[in-house]
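Asker: Have a look at this one before I ask anything.
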Amino acid sequence: MGESQIKPCHCSYEGALAGINHQGVYLSLTCPECRRSVQAFTMEGLVESWNKPAEPKRQGEQP
């Protein structure tokens with residue numbers, strides 16, 4: 001892997017990362033060597049989460 005390419009992980013691991021698609025809402029990747037993980041919304045998941053109605057405040061809660 002050359003210097004002009006992005007490495008899959010900060011630990012310099014260059015193999016495939018373990019990826020999971022969580023019902024189309026978000027994706028997660030985990031490095032099998034150092035166990036670092038990241039999560040990101042899919043475009044559909046971001047729209048769904050953004051447009052979801054806010055939960056009503058319960059009585060006695062502070063803003």
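Please treat every number below as a calculation from the coordinates, not as lab data. Bear in mind that the values here come from a model prediction, so they are computed numbers and not experimental data. Reconstructed Cβ throughout: ideal geometry from the backbone, glycine too, with neighbour counts over all protein chains shown.
Asker: Obtain the nm distance between the two label points defined at Ala16 and Glu44 by a simple spin-label model: each point lies 7 Å from its Cα along the Cα-to-C-beta direction.
Answerer: According to this spin-label approximation, the distance is 2.3 nm.
Asker: Using only helices, what value at 222 nm comes out for the chain when you add -39,500 (n - 2.57) per DSSP H run of length 4 or more and divide by the total residues, to the nearest 500 deg cm²/dmol?
Answerer: Estimated from H runs of four or more residues: -4000 deg cm²/dmol.
Asker: Mind sorting out which of (i) 7.3; (ii) 9.0; (iii) 6.2 is the real mean projected area of the Cα convex hull in nm² computed from the coordinates?
Answerer: The value matching this structure is (i).
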